[in-house]
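Before any comments, here is the structure.
The values are calculated or read from the model by the stated rules, or taken from the named source; none is laboratory data. Computed from a prediction, not measured in an experiment: that's the story for all the values here. With ideal geometry, Cβ positions are generated from the backbone for all residues, glycine too; neighbour counts draw on all protein chains shown. Side chains included, ligands, DNA and RNA excluded: accessible areas come from the protein's heavy atoms. Shrake-Rupley method; radii C 1.70, N 1.55, O 1.52, S 1.80 Å.
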Amino acid sequence: MANRRTYAQVRAEVLRRYPQGNVPGGVTVDDIVQLKLQNTYDTHLDIAREMAGVMRADMAAYDADASKFTQSLGCWSGFHAQQMIKAVKRLRGTAKGTYVYLSGWMVAGLRNRWGHLPDQSMHEKTAVADLIQEIYTSLRQADEVAMNDLFKALREARAQGNAVAEQKAIAAIDGFESHVVPIIADIDAGFGNEHATYLLAKELIKAGACCLQIENQVSDAKQCGHQDGKVTVPREDFIEKLRACRLAFEELGVEQGVIVARTDSLGAGLTQKVPVSQRPGDLASQYIKWLKVEEITSDAPLAEGELALFQDGRFVRPVRMPNGLFAFREGTGRARVVEDCIANLTQGGADLLWIETDTPNVDEIASMVAEIRAVVPNAKLTYNNSPSFNWTLNLRKQVRAQWLAEGKIQVADYPDGNELMKADFDASPLGLEADARLKRFQTDISARAGVFHNLITLPTFHLTAKSVDELSRGYFGEDKMLAYVATVQREEIRRGVSAVKHQHEVGSDLGDTFKEMVSGERALKAGGHANTMNQFAAE
(Lines give C-alpha, C1' and ligand atoms only; values in the text may rest on other atoms or scores of the structure.)
Protein backbone atom coordinates (compact mmCIF):
# COMPACT_ATOMS: atom_id res chain seq x y z
CA MET A 1 0.00 0.00 0.00
CA ALA A 2 1.02 3.65 -0.34
CA ASN A 3 3.30 5.02 2.35
CA ARG A 4 1.15 7.92 3.55
CA ARG A 5 2.45 8.20 7.10
CA THR A 6 3.63 11.48 8.59
CA TYR A 7 7.19 12.33 9.48
CA ALA A 8 6.40 11.99 13.18
CA GLN A 9 4.73 8.60 12.70
CA VAL A 10 7.64 7.13 10.76
CA ARG A 11 10.20 8.55 13.17
CA ALA A 12 8.31 7.07 16.11
CA GLU A 13 8.13 3.73 14.30
CA VAL A 14 11.89 3.67 13.75
CA LEU A 15 12.61 4.70 17.32
CA ARG A 16 10.45 1.85 18.61
CA ARG A 17 12.87 -0.49 16.85
CA TYR A 18 15.93 1.43 18.01
CA PRO A 19 14.94 3.22 21.25
CA GLN A 20 18.38 4.70 21.81
CA GLY A 21 18.87 5.56 18.15
CA ASN A 22 21.65 3.00 17.93
CA VAL A 23 21.19 1.50 14.51
CA PRO A 24 23.67 -1.25 13.57
CA GLY A 25 26.43 -0.15 11.23
CA GLY A 26 26.29 3.52 12.14
CA VAL A 27 23.17 4.28 10.13
CA THR A 28 21.15 7.16 11.56
CA VAL A 29 17.47 7.22 12.45
CA ASP A 30 16.96 10.36 10.35
CA ASP A 31 18.34 8.65 7.25
CA ILE A 32 16.00 5.67 7.71
CA VAL A 33 13.05 8.03 8.12
CA GLN A 34 13.91 9.85 4.89
CA LEU A 35 14.27 6.67 2.85
CA LYS A 36 11.00 5.27 4.15
CA LEU A 37 9.08 8.43 3.35
CA GLN A 38 10.54 9.07 -0.09
CA ASN A 39 9.69 5.48 -1.10
CA THR A 40 6.08 6.47 -1.72
CA TYR A 41 4.91 2.98 -2.78
CA ASP A 42 6.23 -0.46 -1.88
CA THR A 43 5.29 -2.18 -5.17
CA HIS A 44 3.66 -1.31 -8.45
CA LEU A 45 0.76 -3.61 -7.60
CA ASP A 46 0.15 -1.32 -4.62
CA ILE A 47 0.01 1.53 -7.11
CA ALA A 48 -2.62 -0.29 -9.17
CA ARG A 49 -4.77 -0.87 -6.10
CA GLU A 50 -4.61 2.71 -4.87
CA MET A 51 -4.99 4.33 -8.29
CA ALA A 52 -8.09 2.21 -8.96
CA GLY A 53 -9.60 3.82 -5.88
CA VAL A 54 -8.56 7.24 -7.16
CA MET A 55 -10.31 6.60 -10.47
CA ARG A 56 -13.46 5.34 -8.75
CA ALA A 57 -13.57 8.47 -6.59
CA ASP A 58 -13.08 10.65 -9.66
CA MET A 59 -15.88 8.81 -11.46
CA ALA A 60 -18.21 9.42 -8.53
CA ALA A 61 -17.26 13.10 -8.49
CA TYR A 62 -18.03 13.33 -12.21
CA ASP A 63 -21.42 11.67 -11.69
CA ALA A 64 -22.25 14.44 -9.21
CA ASP A 65 -20.79 17.26 -11.32
CA ALA A 66 -19.98 16.84 -15.03
CA SER A 67 -17.51 19.72 -14.91
CA LYS A 68 -15.19 17.46 -12.91
CA PHE A 69 -13.95 15.46 -15.88
CA THR A 70 -10.41 14.09 -15.95
CA GLN A 71 -7.66 14.39 -18.56
CA SER A 72 -4.54 12.68 -19.80
CA LEU A 73 -1.90 12.86 -22.50
CA GLY A 74 -0.46 9.80 -24.21
CA CYS A 75 3.17 9.30 -23.18
CA TRP A 76 5.67 7.00 -24.87
CA SER A 77 8.35 7.17 -22.17
CA GLY A 78 8.62 7.51 -18.44
CA PHE A 79 10.30 10.88 -18.88
CA HIS A 80 7.39 12.25 -20.91
CA ALA A 81 4.95 11.15 -18.22
CA GLN A 82 7.12 12.58 -15.46
CA GLN A 83 7.47 15.97 -17.16
CA MET A 84 3.74 16.12 -17.87
CA ILE A 85 2.86 15.56 -14.21
CA LYS A 86 5.46 18.09 -13.07
CA ALA A 87 4.04 20.65 -15.50
CA VAL A 88 0.50 20.08 -14.19
CA LYS A 89 1.67 20.46 -10.59
CA ARG A 90 3.42 23.73 -11.47
CA LEU A 91 0.24 24.96 -13.16
CA ARG A 92 -2.41 23.79 -10.70
CA GLY A 93 -0.50 22.98 -7.54
CA THR A 94 -1.86 19.44 -7.75
CA ALA A 95 -2.00 16.55 -10.21
CA LYS A 96 -5.46 15.45 -9.10
CA GLY A 97 -7.70 14.69 -12.06
CA THR A 98 -4.68 14.09 -14.29
CA TYR A 99 -3.86 10.62 -15.63
CA VAL A 100 -1.32 9.10 -18.01
CA TYR A 101 -2.56 7.42 -21.16
CA LEU A 102 -0.49 4.56 -22.55
CA SER A 103 -1.19 4.27 -26.27
CA GLY A 104 -0.78 0.97 -28.09
CA TRP A 105 -0.18 3.05 -31.23
CA MET A 106 2.90 4.64 -29.67
CA VAL A 107 4.17 1.33 -28.32
CA ALA A 108 3.91 -0.07 -31.85
CA GLY A 109 5.33 3.03 -33.45
CA LEU A 110 8.12 3.85 -31.01
CA ARG A 111 8.72 1.26 -28.29
CA ASN A 112 9.14 -2.14 -29.90
CA ARG A 113 12.18 -4.14 -31.03
CA TRP A 114 11.35 -4.11 -34.74
CA GLY A 115 11.40 -0.42 -35.47
CA HIS A 116 8.47 1.83 -36.28
CA LEU A 117 5.38 -0.32 -36.83
CA PRO A 118 1.74 0.52 -37.60
CA ASP A 119 -0.93 0.13 -34.96
CA GLN A 120 -1.82 -3.46 -35.84
CA SER A 121 -0.77 -5.40 -32.71
CA MET A 122 2.46 -6.38 -34.46
CA HIS A 123 4.72 -5.38 -31.56
CA GLU A 124 5.71 -7.72 -28.76
CA LYS A 125 3.04 -7.67 -26.08
CA THR A 126 5.56 -7.43 -23.25
CA ALA A 127 6.50 -3.94 -24.46
CA VAL A 128 3.22 -2.61 -23.03
CA ALA A 129 3.94 -3.87 -19.52
CA ASP A 130 7.53 -2.66 -19.81
CA LEU A 131 6.37 0.87 -20.57
CA ILE A 132 3.96 0.92 -17.63
CA GLN A 133 6.81 -0.22 -15.40
CA GLU A 134 9.06 2.50 -16.83
CA ILE A 135 6.47 5.24 -16.36
CA TYR A 136 5.89 4.41 -12.72
CA THR A 137 9.62 4.11 -12.09
CA SER A 138 10.01 7.65 -13.46
CA LEU A 139 7.10 9.02 -11.44
CA ARG A 140 8.41 7.40 -8.27
CA GLN A 141 11.87 8.81 -8.90
CA ALA A 142 10.31 12.25 -9.22
CA ASP A 143 8.90 11.64 -5.73
CA GLU A 144 12.33 10.66 -4.43
CA VAL A 145 14.04 13.73 -5.92
CA ALA A 146 11.38 16.10 -4.57
CA MET A 147 11.34 14.52 -1.10
CA ASN A 148 15.13 14.63 -0.96
CA ASP A 149 14.95 18.39 -1.53
CA LEU A 150 12.44 18.71 1.33
CA PHE A 151 14.67 16.71 3.68
CA LYS A 152 17.63 18.85 2.63
CA ALA A 153 15.66 21.90 3.78
CA LEU A 154 14.90 20.10 7.05
CA ARG A 155 18.57 19.35 7.66
CA GLU A 156 19.55 22.93 6.91
CA ALA A 157 16.91 24.29 9.30
CA ARG A 158 18.16 22.05 12.09
CA ALA A 159 21.79 22.95 11.39
CA GLN A 160 20.84 26.62 11.74
CA GLY A 161 18.78 26.00 14.88
CA ASN A 162 15.74 27.52 13.14
CA ALA A 163 12.71 25.86 14.77
CA VAL A 164 10.19 27.71 12.58
CA ALA A 165 11.93 26.59 9.37
CA GLU A 166 12.17 23.06 10.80
CA GLN A 167 8.43 22.82 11.38
CA LYS A 168 7.77 24.32 7.95
CA ALA A 169 9.97 21.66 6.35
CA ILE A 170 8.21 18.87 8.26
CA ALA A 171 4.82 20.26 7.21
CA ALA A 172 5.99 20.23 3.57
CA ILE A 173 7.10 16.61 3.93
CA ASP A 174 3.78 15.60 5.47
CA GLY A 175 1.81 17.47 2.80
CA PHE A 176 3.77 16.13 -0.15
CA GLU A 177 1.64 14.94 -3.07
CA SER A 178 3.03 12.04 -5.07
CA HIS A 179 3.64 12.34 -8.80
CA VAL A 180 2.02 8.92 -9.18
CA VAL A 181 -1.33 9.09 -11.00
CA PRO A 182 -3.58 6.51 -12.68
CA ILE A 183 -2.55 5.00 -16.01
CA ILE A 184 -5.12 3.99 -18.62
CA ALA A 185 -3.34 1.19 -20.45
CA ASP A 186 -4.20 0.16 -24.01
CA ILE A 187 -4.27 -3.63 -24.29
CA ASP A 188 -5.35 -3.41 -27.96
CA ALA A 189 -7.73 -6.31 -28.74
CA GLY A 190 -6.12 -8.58 -26.15
CA PHE A 191 -3.24 -10.00 -28.22
CA GLY A 192 -4.88 -13.38 -28.73
CA ASN A 193 -7.69 -15.43 -27.25
CA GLU A 194 -9.40 -14.75 -23.93
CA HIS A 195 -6.75 -16.67 -21.98
CA ALA A 196 -3.97 -14.69 -23.65
CA THR A 197 -5.88 -11.52 -22.78
CA TYR A 198 -6.09 -12.58 -19.13
CA LEU A 199 -2.37 -13.39 -18.94
CA LEU A 200 -1.35 -10.08 -20.50
CA ALA A 201 -3.83 -8.15 -18.36
CA LYS A 202 -2.18 -9.57 -15.25
CA GLU A 203 1.23 -8.38 -16.42
CA LEU A 204 -0.09 -4.87 -17.06
CA ILE A 205 -1.76 -4.78 -13.64
CA LYS A 206 1.36 -6.03 -11.87
CA ALA A 207 3.28 -3.25 -13.63
CA GLY A 208 0.86 -0.76 -12.06
CA ALA A 209 -2.10 -0.34 -14.42
CA CYS A 210 -5.38 0.27 -12.61
CA CYS A 211 -7.33 0.70 -15.83
CA LEU A 212 -7.34 -1.43 -18.98
CA GLN A 213 -8.75 -0.29 -22.32
CA ILE A 214 -9.67 -3.08 -24.73
CA GLU A 215 -11.32 -2.89 -28.16
CA ASN A 216 -13.76 -5.10 -30.05
CA GLN A 217 -11.60 -5.73 -33.08
CA VAL A 218 -10.17 -9.08 -34.15
CA SER A 219 -6.80 -9.31 -32.45
CA ASP A 220 -4.90 -10.74 -35.41
CA ALA A 221 -6.47 -8.30 -37.88
CA LYS A 222 -6.42 -5.23 -35.62
CA GLN A 223 -6.16 -1.79 -37.21
CA CYS A 224 -5.71 1.69 -35.82
CA GLY A 225 -9.13 3.08 -34.95
CA HIS A 226 -8.71 5.79 -37.57
CA GLN A 227 -7.81 3.52 -40.46
CA ASP A 228 -9.91 1.46 -42.84
CA GLY A 229 -10.18 -2.33 -42.85
CA LYS A 230 -11.38 -2.75 -39.27
CA VAL A 231 -12.95 -6.09 -38.39
CA THR A 232 -15.07 -6.53 -35.25
CA VAL A 233 -15.81 -9.67 -33.28
CA PRO A 234 -19.26 -10.84 -32.14
CA ARG A 235 -20.39 -9.27 -28.89
CA GLU A 236 -20.23 -12.47 -26.85
CA ASP A 237 -16.59 -12.92 -27.94
CA PHE A 238 -15.74 -9.42 -26.76
CA ILE A 239 -17.60 -9.84 -23.49
CA GLU A 240 -15.49 -12.92 -22.78
CA LYS A 241 -12.39 -10.72 -23.04
CA LEU A 242 -13.96 -8.16 -20.71
CA ARG A 243 -14.46 -10.99 -18.23
CA ALA A 244 -10.83 -12.02 -18.67
CA CYS A 245 -9.73 -8.52 -17.69
CA ARG A 246 -12.06 -8.51 -14.67
CA LEU A 247 -10.74 -11.85 -13.46
CA ALA A 248 -7.17 -10.56 -13.77
CA PHE A 249 -8.03 -7.58 -11.56
CA GLU A 250 -9.83 -9.75 -9.01
CA GLU A 251 -7.06 -12.34 -8.81
CA LEU A 252 -4.47 -9.67 -8.06
CA GLY A 253 -6.56 -7.94 -5.43
CA VAL A 254 -7.37 -4.86 -7.51
CA GLU A 255 -11.11 -5.15 -6.88
CA GLN A 256 -11.78 -1.57 -8.01
CA GLY A 257 -9.91 -1.99 -11.29
CA VAL A 258 -11.47 -0.08 -14.17
CA ILE A 259 -12.23 -1.55 -17.60
CA VAL A 260 -12.77 0.67 -20.64
CA ALA A 261 -14.69 -1.12 -23.41
CA ARG A 262 -13.93 0.43 -26.76
CA THR A 263 -16.12 -0.07 -29.81
CA ASP A 264 -14.77 0.49 -33.32
CA SER A 265 -18.08 -0.38 -34.94
CA LEU A 266 -18.74 3.12 -36.24
CA GLY A 267 -15.98 2.72 -38.80
CA ALA A 268 -15.85 -1.08 -39.05
CA GLY A 269 -17.66 -2.60 -41.99
CA LEU A 270 -16.61 -6.21 -41.49
CA THR A 271 -16.94 -9.04 -39.01
CA GLN A 272 -14.75 -12.07 -38.63
CA LYS A 273 -17.52 -14.59 -38.17
CA VAL A 274 -21.25 -15.09 -37.94
CA PRO A 275 -22.17 -16.03 -34.37
CA VAL A 276 -24.72 -18.72 -33.58
CA SER A 277 -28.03 -17.43 -32.29
CA GLN A 278 -29.75 -19.61 -29.67
CA ARG A 279 -32.93 -17.59 -29.31
CA PRO A 280 -34.54 -14.46 -30.78
CA GLY A 281 -33.13 -11.27 -29.30
CA ASP A 282 -29.90 -12.74 -27.96
CA LEU A 283 -26.51 -11.12 -28.56
CA ALA A 284 -25.84 -13.14 -31.68
CA SER A 285 -29.16 -12.34 -33.33
CA GLN A 286 -28.76 -8.64 -32.51
CA TYR A 287 -25.32 -8.72 -34.12
CA ILE A 288 -26.10 -10.62 -37.31
CA LYS A 289 -29.23 -8.62 -38.09
CA TRP A 290 -26.89 -5.90 -39.40
CA LEU A 291 -25.12 -8.17 -41.89
CA LYS A 292 -25.28 -7.33 -45.56
CA VAL A 293 -27.29 -10.11 -47.20
CA GLU A 294 -28.56 -11.12 -50.60
CA GLU A 295 -31.83 -12.85 -51.28
CA ILE A 296 -31.63 -16.47 -52.45
CA THR A 297 -33.88 -16.93 -55.48
CA SER A 298 -34.24 -19.29 -58.40
CA ASP A 299 -32.29 -16.80 -60.46
CA ALA A 300 -29.61 -16.50 -57.76
CA PRO A 301 -29.56 -19.89 -56.01
CA LEU A 302 -27.25 -20.92 -53.21
CA ALA A 303 -24.00 -22.18 -54.72
CA GLU A 304 -21.75 -24.96 -53.51
CA GLY A 305 -19.82 -23.86 -50.40
CA GLU A 306 -21.94 -20.78 -49.72
CA LEU A 307 -23.66 -20.01 -46.41
CA ALA A 308 -27.28 -19.21 -45.75
CA LEU A 309 -29.07 -17.48 -42.86
CA PHE A 310 -32.73 -17.65 -41.98
CA GLN A 311 -33.87 -14.07 -41.34
CA ASP A 312 -37.34 -12.57 -41.21
CA GLY A 313 -38.96 -15.76 -42.47
CA ARG A 314 -36.64 -16.29 -45.45
CA PHE A 315 -33.25 -17.69 -46.34
CA VAL A 316 -30.63 -15.12 -47.28
CA ARG A 317 -26.98 -15.26 -48.27
CA PRO A 318 -24.57 -13.15 -46.13
CA VAL A 319 -22.17 -11.21 -48.32
CA ARG A 320 -18.78 -12.79 -47.91
CA MET A 321 -15.55 -11.13 -48.99
CA PRO A 322 -12.76 -12.94 -50.87
CA ASN A 323 -10.82 -13.15 -47.58
CA GLY A 324 -13.72 -14.93 -45.86
CA LEU A 325 -14.87 -11.93 -43.82
CA PHE A 326 -18.52 -10.90 -43.72
CA ALA A 327 -19.75 -7.41 -44.54
CA PHE A 328 -22.19 -5.27 -42.58
CA ARG A 329 -24.82 -3.15 -44.29
CA GLU A 330 -23.63 0.36 -44.98
CA GLY A 331 -24.92 3.01 -42.60
CA THR A 332 -25.40 0.62 -39.67
CA GLY A 333 -22.29 1.59 -37.70
CA ARG A 334 -24.03 4.05 -35.41
CA ALA A 335 -26.74 1.57 -34.39
CA ARG A 336 -24.13 -1.11 -33.81
CA VAL A 337 -22.14 1.26 -31.58
CA VAL A 338 -25.15 1.90 -29.37
CA GLU A 339 -25.89 -1.81 -29.05
CA ASP A 340 -22.21 -2.59 -28.40
CA CYS A 341 -22.06 -0.09 -25.57
CA ILE A 342 -25.23 -1.26 -23.88
CA ALA A 343 -24.11 -4.90 -24.04
CA ASN A 344 -20.63 -4.06 -22.73
CA LEU A 345 -22.08 -2.24 -19.73
CA THR A 346 -25.00 -4.50 -18.89
CA GLN A 347 -23.53 -7.91 -19.75
CA GLY A 348 -19.77 -7.35 -19.96
CA GLY A 349 -19.26 -5.50 -16.70
CA ALA A 350 -17.37 -2.62 -18.33
CA ASP A 351 -16.99 0.55 -16.27
CA LEU A 352 -16.34 3.08 -19.03
CA LEU A 353 -17.03 3.23 -22.76
CA TRP A 354 -14.89 4.40 -25.64
CA ILE A 355 -16.56 5.23 -28.95
CA GLU A 356 -14.03 5.68 -31.74
CA THR A 357 -15.35 8.39 -34.06
CA ASP A 358 -14.16 9.72 -37.41
CA THR A 359 -14.66 13.41 -36.60
CA PRO A 360 -14.77 15.45 -33.37
CA ASN A 361 -18.46 16.31 -33.30
CA VAL A 362 -20.09 16.95 -29.93
CA ASP A 363 -23.63 16.66 -31.32
CA GLU A 364 -22.95 13.27 -32.94
CA ILE A 365 -21.41 11.76 -29.81
CA ALA A 366 -24.05 13.27 -27.52
CA SER A 367 -26.86 11.75 -29.58
CA MET A 368 -25.35 8.25 -29.33
CA VAL A 369 -24.74 8.63 -25.59
CA ALA A 370 -28.35 9.77 -25.10
CA GLU A 371 -29.56 6.45 -26.56
CA ILE A 372 -27.13 4.49 -24.39
CA ARG A 373 -28.16 6.40 -21.26
CA ALA A 374 -31.81 5.63 -21.96
CA VAL A 375 -30.86 2.07 -20.96
CA VAL A 376 -27.85 2.72 -18.68
CA PRO A 377 -28.38 6.16 -17.08
CA ASN A 378 -24.90 6.53 -15.59
CA ALA A 379 -22.97 5.45 -18.70
CA LYS A 380 -19.66 7.31 -18.95
CA LEU A 381 -17.10 7.62 -21.70
CA THR A 382 -13.42 7.99 -22.28
CA TYR A 383 -13.00 10.10 -25.41
CA ASN A 384 -10.07 10.13 -27.80
CA ASN A 385 -9.36 13.75 -28.77
CA SER A 386 -7.33 12.22 -31.57
CA PRO A 387 -4.47 13.80 -33.55
CA SER A 388 -5.91 11.78 -36.44
CA PHE A 389 -8.58 14.48 -36.71
CA ASN A 390 -7.76 17.68 -38.56
CA TRP A 391 -9.16 19.73 -35.71
CA THR A 392 -8.83 23.11 -37.38
CA LEU A 393 -10.54 22.01 -40.57
CA ASN A 394 -13.28 20.02 -38.82
CA LEU A 395 -14.26 22.79 -36.43
CA ARG A 396 -14.18 25.45 -39.13
CA LYS A 397 -16.39 23.29 -41.34
CA GLN A 398 -18.83 22.80 -38.45
CA VAL A 399 -19.02 26.55 -37.81
CA ARG A 400 -19.47 27.30 -41.51
CA ALA A 401 -22.28 24.74 -41.87
CA GLN A 402 -24.07 26.04 -38.79
CA TRP A 403 -23.76 29.68 -39.79
CA LEU A 404 -25.03 28.91 -43.29
CA ALA A 405 -28.05 27.08 -41.82
CA GLU A 406 -28.73 30.01 -39.51
CA GLY A 407 -28.35 32.55 -42.31
CA LYS A 408 -25.43 34.32 -40.62
CA ILE A 409 -23.22 34.02 -43.71
CA GLN A 410 -23.55 33.39 -47.42
CA VAL A 411 -21.96 30.48 -49.30
CA ALA A 412 -19.44 32.83 -50.94
CA ASP A 413 -18.25 34.31 -47.62
CA TYR A 414 -16.04 31.33 -46.77
CA PRO A 415 -14.76 28.55 -49.02
CA ASP A 416 -15.68 24.93 -48.47
CA GLY A 417 -13.13 22.15 -48.09
CA ASN A 418 -9.42 22.31 -47.37
CA GLU A 419 -9.09 26.00 -48.22
CA LEU A 420 -10.50 26.73 -44.76
CA MET A 421 -7.14 25.58 -43.35
CA LYS A 422 -5.40 28.69 -44.70
CA ALA A 423 -3.82 31.03 -42.17
CA ASP A 424 -5.82 33.83 -43.80
CA PHE A 425 -8.82 32.64 -41.79
CA ASP A 426 -7.06 32.44 -38.39
CA ALA A 427 -8.20 35.92 -37.34
CA SER A 428 -11.52 35.83 -39.20
CA PRO A 429 -14.81 35.63 -37.27
CA LEU A 430 -15.18 32.01 -38.40
CA GLY A 431 -11.62 31.13 -37.40
CA LEU A 432 -12.00 32.77 -33.99
CA GLU A 433 -15.30 31.00 -33.36
CA ALA A 434 -13.78 27.65 -34.30
CA ASP A 435 -10.90 28.28 -31.88
CA ALA A 436 -13.34 29.24 -29.13
CA ARG A 437 -15.14 25.92 -29.68
CA LEU A 438 -11.81 24.08 -29.56
CA LYS A 439 -11.07 25.71 -26.22
CA ARG A 440 -14.34 24.54 -24.71
CA PHE A 441 -14.63 21.26 -26.65
CA GLN A 442 -13.73 19.02 -23.70
CA THR A 443 -15.98 20.95 -21.33
CA ASP A 444 -18.87 20.70 -23.79
CA ILE A 445 -18.42 17.02 -24.57
CA SER A 446 -18.17 16.18 -20.87
CA ALA A 447 -21.32 18.14 -20.03
CA ARG A 448 -23.38 16.94 -22.99
CA ALA A 449 -22.01 13.52 -23.92
CA GLY A 450 -21.07 11.83 -20.66
CA VAL A 451 -17.32 12.05 -21.23
CA PHE A 452 -15.64 11.41 -17.89
CA HIS A 453 -12.12 11.28 -19.32
CA ASN A 454 -10.63 13.31 -22.15
CA LEU A 455 -7.35 12.11 -23.60
CA ILE A 456 -5.07 12.78 -26.55
CA THR A 457 -3.53 9.54 -27.76
CA LEU A 458 -0.38 10.67 -29.56
CA PRO A 459 0.58 14.19 -28.40
CA THR A 460 4.13 13.37 -27.34
CA PHE A 461 4.80 11.70 -30.71
CA HIS A 462 3.77 14.84 -32.57
CA LEU A 463 5.32 17.19 -30.01
CA THR A 464 8.68 15.45 -30.31
CA ALA A 465 8.55 15.67 -34.10
CA LYS A 466 7.59 19.36 -34.05
CA SER A 467 10.09 20.35 -31.34
CA VAL A 468 13.00 18.56 -33.02
CA ASP A 469 12.04 20.16 -36.35
CA GLU A 470 11.88 23.60 -34.75
CA LEU A 471 15.28 23.27 -33.10
CA SER A 472 16.91 21.68 -36.16
CA ARG A 473 15.68 24.42 -38.50
CA GLY A 474 17.37 27.06 -36.39
CA TYR A 475 20.43 25.19 -35.17
CA PHE A 476 21.43 23.81 -38.58
CA GLY A 477 20.29 27.06 -40.20
CA GLU A 478 21.41 30.59 -39.48
CA ASP A 479 20.74 30.89 -35.74
CA LYS A 480 23.08 28.13 -34.51
CA MET A 481 23.28 28.30 -30.68
CA LEU A 482 20.66 31.04 -30.50
CA ALA A 483 18.12 28.52 -31.76
CA TYR A 484 18.73 26.25 -28.77
CA VAL A 485 18.94 29.04 -26.21
CA ALA A 486 15.91 30.96 -27.46
CA THR A 487 13.57 28.03 -28.09
CA VAL A 488 14.64 25.70 -25.26
CA GLN A 489 16.87 26.91 -22.45
CA ARG A 490 15.47 30.41 -21.85
CA GLU A 491 11.96 29.02 -21.84
CA GLU A 492 12.91 26.32 -19.33
CA ILE A 493 14.44 28.91 -17.00
CA ARG A 494 11.60 31.42 -17.27
CA ARG A 495 8.85 28.83 -16.85
CA GLY A 496 10.57 27.18 -13.90
CA VAL A 497 10.94 23.85 -15.70
CA SER A 498 13.00 21.74 -13.31
CA ALA A 499 14.60 19.77 -16.15
CA VAL A 500 16.80 22.78 -16.94
CA LYS A 501 18.90 21.48 -14.05
CA HIS A 502 19.25 18.17 -15.82
CA GLN A 503 21.74 16.64 -13.35
CA HIS A 504 19.37 17.26 -10.46
CA GLU A 505 16.42 16.03 -12.52
CA VAL A 506 17.88 12.56 -12.96
CA GLY A 507 18.89 12.16 -9.31
CA SER A 508 22.40 13.55 -8.92
CA ASP A 509 21.56 15.32 -5.64
CA LEU A 510 19.62 12.25 -4.55
CA GLY A 511 22.74 10.19 -5.08
CA ASP A 512 24.85 12.68 -3.12
CA THR A 513 22.46 12.42 -0.18
CA PHE A 514 22.72 8.65 -0.12
CA LYS A 515 26.50 8.82 -0.33
CA GLU A 516 26.46 11.06 2.74
CA MET A 517 24.22 8.58 4.54
CA VAL A 518 26.73 5.76 4.13
CA SER A 519 30.05 7.64 3.87
CA GLY A 520 29.59 10.86 5.83
CA GLU A 521 32.43 13.30 5.21
CA ARG A 522 34.19 10.75 3.01
CA ALA A 523 31.42 10.97 0.41
CA LEU A 524 32.60 11.92 -3.08
CA LYS A 525 29.72 14.11 -4.24
CA ALA A 526 28.80 15.47 -7.64
CA GLY A 527 27.29 18.64 -6.22
CA GLY A 528 29.32 21.58 -5.02
CA HIS A 529 30.71 24.89 -6.24
CA ALA A 530 32.20 23.39 -9.42
CA ASN A 531 28.88 21.94 -10.56
CA THR A 532 27.68 24.05 -13.51
CA MET A 533 24.06 23.37 -12.58
CA ASN A 534 24.48 26.15 -10.01
CA GLN A 535 24.08 28.60 -12.90
CA PHE A 536 20.40 27.75 -13.19
CA ALA A 537 17.39 28.57 -11.08
CA ALA A 538 14.29 26.45 -11.46
CA GLU A 539 11.51 25.11 -9.31
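Couple of notes before you dig in:
- In the chain, helices alone account for a calculated mean residue ellipticity at 222 nm of -15000 deg cm²/dmol, with every DSSP H run of four or more residues adding -39,500 (n - 2.57).
- For the stretch 7-47: accessible area per residue (Å², 1.4 Å): 52 Å²
- Percent RCO, i.e. relative contact order, over the chain, from Cα pairs under 8 Å lying at least 6 residues apart: 14 percent
- About the centre of its Cα atoms, the stretch 1-129 shows a dipole size close to 260 debye [charges on the beta carbon of Lys, Arg (+1) and Asp, Glu (-1) only; nearest 20 debye].
- Distance between the pseudo-spin-label points of residue 439 and residue 330 (7 Å out from Cα toward the beta carbon): 4.1 nm.
- Residues in the stretch 187-207 that a label on residue 252 would reach, taking backbone N under 14 Å of a point 7 Å out along Cα→Cβ: 187, 197-207
- Each residue, residue 22 and residue 9, gets one label point 7 Å from its Cα in the Cβ direction; the gap between the two is 3.0 nm.
- For residue 482 and residue 426, a Förster radius of 45 Å and the Cβ-Cβ distance give a FRET efficiency of 0.95, rounded to the nearest 0.05.
- Stretchable slack from residue 92 to residue 358, in nm (0.36 nm times residue separation minus alpha-carbon distance): 92.5 nm
- Residues in the stretch 304-409 average 45 Å² of solvent-accessible surface per residue, probe 1.4 Å, ligands and nucleic acids excluded.
- In order along the stretch 26-41, phi translates into HN-Hα couplings of x, 6, 9, 4, 4, 5, 4, 4, 4, 5, 5, 7, 7, 8, 5, 9 Hz, rounded to whole numbers, per the Karplus curve 6.51 cos²θ - 1.76 cosθ + 1.60 with θ = phi - 60° and x for Gly and Pro.
- Cross-link partners of residue 515 among aspartates and glutamates (Cα-Cα below 19 Å; sequence separation of 8 or more within a chain): 30, 31, 143, 144, 149, 156, 505
- Model label zone, residue 468; criterion: amide N under 17 Å from point 7 Å along Cα-to-beta-carbon; scope the stretch 77-96: 77-81
- Backbone phi angles across the stretch 155-161, fed through the Karplus curve with coefficients 6.51, -1.76 and 1.60 (θ = phi - 60°), yield HN-Hα couplings of 5, 5, 5, 5, 5, 8, x Hz in residue order; Gly and Pro are listed as x.
- Carbon/sulfur fraction of accessible area - the chain, other protein chains in place, 1.4 Å, %: 53 percent
- Given +1 at the Cβ of Lys and Arg, -1 at the Cβ of Asp and Glu and no other charges, the dipole of the chain around its Cα centre is 1180 debye to the nearest 20.
- Less than 5 angstrom separates the built amide H of residue 124 from those of 113, all sequence-distant by 5 or more or on a different chain.
- Accessible surface computed residue by residue for the stretch 136-192, with neighbouring protein chains in place and a 1.4 Å probe, gives 39 Å² per residue.
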